[in-house]
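**Student:** My questions will all concern the structure given below.
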Amino acid sequence: MEETNINSEIILQVKGLTKKYGSLIAVNNLELNAYRGEVIGFLGPNGAGKSTTIRMLLGLIKPTSGSIEIFGKSLLKNRLDILKRVGAIVEKPDFYLYLSAYKNLEILGKISGMEIKKKRIKEVLEIVGLKKRARSKVQTYSFGMKQRLGIAQALLHNPELIILDEPTTGLDPQGIKEIRELILHLSYDLKKTIFLSSHILKEIEIIASRMIIINNGTTQIEGKVEDLLNSSQMKVRFEVDNTAKALEVVKLSMWNDNFVEAEKNILVFEMDQVEIGELNKFLVENNIIVSSVVPIRSLEDYFLKITEGSTE
Amino acid sequence: MKNLIFIELSKIFNKKRTYISFIVIFLISSIIQTALYFQGDKYLSFATRSLSNSFEFSGNLLNGYLIGFIILQSLSAYIPFLILLVGGDLLAGEATGGTYRIMLTRPISRNNFITAKFIAGIVYTNLLLIFMMLISLGFGIMIFGTGELIVFRDKLYVFAQDDIIWRFFLSYGFVILSMTTVLSLSILFSSLVENAIGPIISTMFVIITFLIISALNIEVLDSIKPFLFTNHMSSWRNFFVNPIDISQILLSFSVLLGHILFFYFLTVIIFKRKDILS
């Protein structure tokens, strides 16, 4: 995770946000804040309420109750003023397929609340690597290209707050890397605030400075990614030559308290990072050959733990 | 607002389905004109056979005006279905394509969005009917020349050459109003669903149901018939009688305009409350 230039100015503040569809509660009393200049990761399993929340943040869905303030103004009362300063991708990138990428952006530019020059359209197309295909109809684009175009339209009017819902879906590894770099560039160099929803948890770990995990429509946890990572022990996978022998010596030692499970020639332990070396030394001293040690503590592990726990 | 209207027009005229209506009108007009070019005399003598004992018909009766009238009469019942191709897709097409999301996350009000759709739809309706007038009346005059227009309704009306064109213009104006009513209803249905087929079928169902109710001679239905917009859609024919029944035309005008405004405001109210889930 990289350091960010967060300041204390709240750009986005959500209080008690709730959305009900009959008896179904899609979002339940959600609370979150986003600060100027940060990349905030918005995580949750499928059906957690991420997309509903993002739609409410953009005025596409009306909340049942609660408040949304963006740039210190109520979204309900100042939607048009606020949207001039917000760029977004909501779920999959859909465009007018019978129009070219350029024409799509031209249309969106005309209703962005400010004058968008041709130069700017070309500029954003170049940023996302679509300049050469600008005049092709969008129906000829691959999903990845449409995703890039989605990012282009979100950046078109140079917004202060950019809401990105799964922006790397459908991109090839190089494309994912480029978009990550672009998000970091937008945040660090251009001081944009990025609200990033993603199911690729590694992406949040790499890009985001803070994160919010939601499940069943409610905030499970909110905080700095680094702090959240350090708040739990990591799991470490030891690959050994003789599982039975290794299990025997572990069970007779203090490491038995850390032991989680065994699977073929893998032993999994839960421990702090400083203990990894000690356990490795212990196994080797007991004539067990350790061929690999893989720490699996990560945001993904943490995320899974939180969401699984909350659904039980 | 001006930008939004141009955007909506550009969307309409960049879709292939928009041109189906123009092609259909061109083909049907051409077929009617070709048929009448070769067998117009037979048609005319058949149409006037009951009157030939009492009247003597002379001059160029098979002229462009008669052709224009025949085509208008034949097509006016079918144009609603052509209007639906575009009207039904105006909002539902955005839902199907997922493009509500990119449009409505821009700083535009939903009210303006709907109004621009309506205005663009009305422009399309106008252009379609102007095209039909040019094809039927314009080509008719070029091919068949001019002359007096004979129209047989409850009785025989003969209109002098210099007393015809204005009647066509007003009739087309009235047909545009009728078709705008159909368009408005299809946009209303279009705001409720996420697939363009639904509004097309629903509007057709309403039109056909209203036409059936209008045709039934059941006393209990008589009280509602004057309020059915389909009952007033053929009121353009009132411009081809003498003297013109102004009160009937004004009544039809008011009913159609009332329907348009009702459908428009209902669409605005529904759409402003709509959650965009597509």
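**Student:** What percent antiparallel are the DSSP beta bridges of the protein assembly as shown, to the nearest 5?
**Tutor:** On the way: 41 of 58 bridges.
Of the beta bridges lying entirely in the protein assembly as shown, close to 70 percent run antiparallel.
**Student:** Whenever you get a sec, compute what percent of the accessible area on chain A sits on carbon and sulfur atoms (1.4 Å probe).
**Tutor:** On the way: 6930 of 14290 Å².
Looking at chain A in its full context, I get 49 percent from C and S.
**Student:** Counting Lys and Arg as +1 and Asp and Glu as -1, what is the net charge of the other residues whose Cβ lies under 14 Å from the Cβ of B:Leu170? Display every interim value, and only then the final one.
**Tutor:** On the way: positive: B:Arg167, B:Arg237; negative: B:Asp163, B:Asp245.
With Lys, Arg at +1 and Asp, Glu at -1, the neighbours total 0.
**Student:** Say R0 is 35 Å: what FRET efficiency, to the nearest 0.05, do A:Glu261 and A:Lys177 get from their beta-carbon distance? Write out the running numbers ahead of the final one.
**Tutor:** Values: r = 34 Å, r/R0 = 0.97.
Using R0 = 35 Å, I get an efficiency of 0.55.
**Student:** Leaving out ligands, DNA and RNA, calculate the buried accessible area for the pair B and A with a 1.4 Å probe, summed over both sides, in Å² to the nearest 100. Could you put the intermediate results ahead of the total?
**Tutor:** On the way: alone 14050 and 15580 Å², together 26970 Å².
That pair hides around 2700 Å² of surface in total.
**Student:** Give the peptides B:86-96, A:218-228, A:158-168 in descending order of average Cβ contacts within 10 Å, highest first.
**Tutor:** Working: B:86-96: 25.1, A:218-228: 16.4, A:158-168: 22.2.
Packing order, densest peptide first, comes out as B:86-96, A:158-168, A:218-228.
**Student:** For region A:80-181, with every protein chain kept in place, what is the accessible area per residue (1.4 Å probe, Å²)? Spell out each step's value before the answer.
**Tutor:** Details: 4350 Å² over 102 residues.
Here the per-residue accessible area is 43 Å².
**Student:** Lysines within cross-link reach of A:Lys281: Cα-Cα under 22 Å, excluding same-chain residues under 8 positions apart?
**Tutor:** Cross-link targets: A:Lys235, A:Lys245, A:Lys251, A:Lys264.
**Student:** Would you calculate, for chain B, the mean residue ellipticity at 222 nm contributed by helices, counting each DSSP H stretch of 4 or more residues as -39,500 (n - 2.57) and dividing by all residues, to the nearest 500?
**Tutor:** Working: 12 runs with 185 residues, N = 278.
Taking each H run of at least 4 residues, the total per residue is -22000 deg cm²/dmol.
**Student:** In deg cm²/dmol, rounded to 500, what helix-only [θ] at 222 nm does chain A give when every DSSP H run of at least 4 residues adds -39500 (n - 2.57) and the total is split over its residues?
**Tutor:** Numbers: 11 runs with 112 residues, N = 312.
After summing the helix terms and dividing by residue count, I get -10500 deg cm²/dmol.
**Student:** Treat each spin label as a single point 7 Å out from the Cα along the C-beta direction, and report the A:Glu248 to A:Lys118 distance in nm.
**Tutor:** 8.1 nm
**Student:** List the residues of region A:29-60 that lose 20 Å² or more of accessible area once all protein chains are present, compared with their chain alone (1.4 Å probe, heavy atoms only, no ligands or nucleic acids).
**Tutor:** Those are A:Arg55, A:Leu60, which lose 20 Å² or more relative to the chain on its own.
**Student:** In a shell of Cβ-Cβ distance under 13 Å around A:Ile70, excluding A:Ile70 itself, what net charge do Lys and Arg (+1) and Asp and Glu (-1) give?
**Tutor:** Working: positive: A:Lys15, A:Arg36, A:Lys73, A:Lys77, A:Arg79, A:Lys84, A:Arg85; negative: A:Glu9, A:Glu69, A:Asp81, A:Glu160.
Within the 13 Å Cβ shell, the charges total +3.
**Student:** Out of region A:1-83, which GluC sites (Glu not before Pro) are coil in DSSP terms and have no more than 16 other C-beta atoms within 10 Å?
**Tutor:** Details: sites: A:Glu2, A:Glu3, A:Glu9, A:Glu31, A:Glu38, A:Glu69; in loops: A:Glu2, A:Glu3, A:Glu9, A:Glu38.
For GluC sites (Glu not before Pro) across region A:1-83 that sit outside H, G, I, E and B with at most 16 neighbouring Cβ atoms in 10 Å, the list reads A:Glu2, A:Glu3, A:Glu9.
**Student:** Next question. Amide H to amide H, which residues 5 or more places from A:Asn242 or on other chains are under 5 Å from it, using H placed in the peptide plane?
**Tutor:** When sequence neighbours closer than 5 places are left aside, the close amide H contacts are A:Ile289.
**Student:** Between helix B:64-75 and chain B, what is the angle of the helix's C-alpha long axis to the longest principal axis, kept within 0 to 90° and rounded to the nearest 10?
**Tutor:** Rounded to the nearest ten degrees, it is 50.
**Student:** Continuing with this model, one more query. Any idea which of B:Leu188, B:Gln161, B:Phe6 is furthest toward the positive side of the dipole for region B:2-272, if Lys and Arg beta-carbons carry +1 and Asp and Glu beta-carbons -1?
**Tutor:** B:Phe6
**Student:** In region B:2-272, what percent of the accessible surface is made up of carbon and sulfur (1.4 Å probe, ligands and nucleic acids excluded)?
**Tutor:** Details: 8310 of 12230 Å².
That fraction is 68 percent.
**Student:** Using 1/(1 + (r/R0)^6) with R0 = 35 angstrom and r between the beta carbons of A:Ile221 and A:Gln139, what's the FRET efficiency to the nearest 0.05?
**Tutor:** On the way: r = 42 Å, r/R0 = 1.20.
In this case the efficiency is close to 0.25.
**Student:** Please name whichever of B:Ile201, A:Val90, A:Phe71 sits farthest to the positive end of the charge dipole of the protein assembly as shown, dipole taken about the Cα centre and charges placed at Cβ: Lys and Arg +1, Asp and Glu -1.
**Tutor:** Going by the charge dipole, the pick is B:Ile201.
**Student:** For chain B, with only Lys/Arg (+1) and Asp/Glu (-1) charged at the beta-carbon, what is the dipole magnitude about the Cα centre, in debye rounded to 20?
**Tutor:** 1000 debye
**Student:** What size of dipole, in debye to the nearest 20, comes out for the protein assembly as shown about its Cα centre when the only charges are +1 on Lys and Arg C-beta atoms and -1 on Asp and Glu C-beta atoms? List each step's numbers first, then the result.
**Tutor:** On the way: 61 positive and 54 negative charges, 422 e Å.
Approximately 2020 debye in magnitude.
**Student:** With the dipole of chain B worked out from charges on the C-beta (+1 for Lys and Arg, -1 for Asp and Glu) around the Cα centre, which of B:Ser178, B:Phe253, B:Ile276 lies farthest toward the positive end?
**Tutor:** B:Ile276
**Student:** Another one. In degrees, nearest 10, range 0 to 90: what is the angle between the Cα axis of helix B:246-273 and the longest Cα principal axis of chain B?
**Tutor:** Tilt relative to chain B: about 20 degrees.
**Student:** Give me a comma-separated list of calculated 3J(HN,Hα) values for region A:198-214, in order, Karplus coefficients 6.51, -1.76, 1.60 applied at θ = phi - 60°, integers in Hz, x for any Gly or Pro.
**Tutor:** 7, 8, 7, 5, 4, 4, 5, 4, 6, 9, 7, 9, 10, 8, 10, 10, 10
**Student:** Kindly tabulate the residues in region B:1-34 with an accessible-area decrease of at least 40 Å² between the chain alone and the assembly of all protein chains, using a probe of 1.4 Å.
**Tutor:** For region B:1-34, once contacts with the other chains are taken into account, B:Asn3, B:Ile7, B:Lys11, B:Asn14 lose 40 Å² or more.
**Student:** Considering protein heavy atoms only and a 1.4 Å probe radius, which residues within region A:81-97 exhibit an accessible-area decrease of no less than 40 Å² in the full assembly relative to the chain by itself?
**Tutor:** In region A:81-97, residues shielded by partner chains: A:Leu83, A:Asp94, A:Tyr96.
**Student:** Let me ask another. Which FRET efficiency, nearest 0.05, do B:Ile143 and B:Ser254 yield, Cβ-Cβ r, R0 41 Å?
**Tutor:** Working: r = 38 Å, r/R0 = 0.93.
In this case the efficiency is close to 0.60.
**Student:** Okay, moving on. Hey, what's region B:2-272 come to in accessible area per residue, 1.4 Å probe, Å²? Show your work: numbers first, answer last.
**Tutor:** Values: 12230 Å² over 271 residues.
Normalised by residue count, the accessible surface of region B:2-272 is 45 Å².
**Student:** Does anyone have the angle between helix A:299-311 and the longest principal axis of chain A? Alpha-carbon axes, 0 to 90°, nearest 10?
**Tutor:** Once rounded, the angle reads 90 degrees.
**Student:** Would you kindly derive the ³J(HN,Hα) couplings of region A:45-50 from the backbone phi angles with the Karplus curve 6.51 cos²θ - 1.76 cosθ + 1.60 (θ = phi - 60°), listing them in order in whole Hz, with x for Gly and Pro?
**Tutor:** x, 4, x, 6, x, 4
**Student:** Additional query: Sticking with the crude label model, points 7 Å out along Cα→Cβ, report the distance from B:Lys42 to B:Lys16 in nm, one decimal please.
**Tutor:** Once both label points are built, they end up 3.8 nm from each other.
**Student:** Within the set of other residues whose C-beta is less than 15 Å from the C-beta of B:Gly140, count the net charge using Lys and Arg as +1 and Asp and Glu as -1. If you can, show how the numbers build up before the last one.
**Tutor:** Details: positive: B:Arg167; negative: B:Glu148.
It works out to a net charge of 0.
**Student:** Okay, moving on. Any chance you could run the full-extension gain for B:Lys155 through B:Asn111? It's 0.36 nm times the residue separation minus the Cα-Cα distance, nm to one decimal. Could the numbers behind the result be given before it?
**Tutor:** Numbers: separation 44, 0.36 × 44 = 15.84 nm, distance 4.85 nm.
Separation in residues times 0.36 nm, less the Cα-Cα distance, equals 11.0 nm.
**Student:** Amide H neighbours of A:Thr219 under 5 Å, at least 5 residues apart or on other chains, H built in the peptide plane: list them.
**Tutor:** Hits under the 5 Å cutoff: A:Glu31.
**Student:** Taking the simple approach of a point 7 Å from Cα along Cα-to-Cβ for both B:Phe227 and B:Ile244, what is their distance in nm?
**Tutor:** Modelled inter-label distance: 2.9 nm.
The values are calculated or read from the model by the stated rules, or taken from the named source; none is laboratory data. Keep in mind that what you see is a predicted model, and the values were worked out from it rather than measured. Positions of Cβ are generated from backbone atoms using ideal geometry, with glycine treated the same way; all protein chains shown enter the neighbour counts. These accessible areas exclude ligands, DNA and RNA; they are computed on the full protein's heavy atoms, side chains included. Shrake-Rupley method; radii C 1.70, N 1.55, O 1.52, S 1.80 Å.
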